[in-house]
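What follows is one structure encoded as structure tokens, with my remarks underneath.
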Amino acid sequence: MLTPKQENFVQGVVAGLSLSEAYKQAYNACNMKIETIYSKSSLLWKQDKIKARYSEIIAESSFLGVWTREKAFEERMWLLNKTKETILEEGQVRQSTGSVLNQTLDAMDTLAFNDPKYLAIKEQLEIEKLKSQIGGNEQQDDKIADFITMLKGEVQNGDY
């Protein structure tokens, strides 16, 4: 269990402050020499409970990063669906809606990070995009799906 000052010190380090700046923020160090601040902050940082709390906060932040990526992906899905609705309502793909669709798919690529769940969704969206561009016939649709699957396999295997 950390004291409030120790917790403030760790929070400062997590926020990106140097050890000495985090120490000055957490403790009353205005009358201390800089060498004393360096020494005390270094000794404090070496304590096991301080390092354990730092690791705990970093782990929590990592979890929040995953949530943020998922939330960003959901927002992109919303934008993609709205764009598709606009295309269907107008009966045509204008340059602006096509551009939004492509940019959204590119952003989803960035968010996917090779996550199978996101990659499967993206693959299905690419198939739907191609279907809408060329018009539909089931034989063509199957060929497109097979081509995308084959292409994806080649890229993943490094055979491109």
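Structure summary
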item	result
Members of region 1-21 found to be small (Gly, Ala, Ser), within 18 Å of residue 59 (Cα to Cα) and surrounded by 15 or more Cβ atoms within 10 Å (Cβ to Cβ), listed by number	12
Spans of helices (runs of 4 or more DSSP H) in region 17-128 with at least 1 residues in the same structural domain as residue 152 (by TED's automatic domain parsing) and at pLDDT below 90	48-90, 95-112
Every pair of residues 6+ apart whose Cβ atoms lie under 7 Å, when the first sits in region 17-33 and is over 17 Å from residue 2 (Cβ atoms) while the second is at pLDDT 90 or above and among the aliphatic types (A, V, I, L, M)	20/37; 24/37; 29/37
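The values are calculated or read from the model by the stated rules, or taken from the named source; none is laboratory data. A quick note: this is a predicted structure, and the numbers were derived from the prediction, not measured. Because the Cβ atoms are built from the backbone with ideal geometry, glycine has one as well, and the counts that use them run over all protein chains shown.
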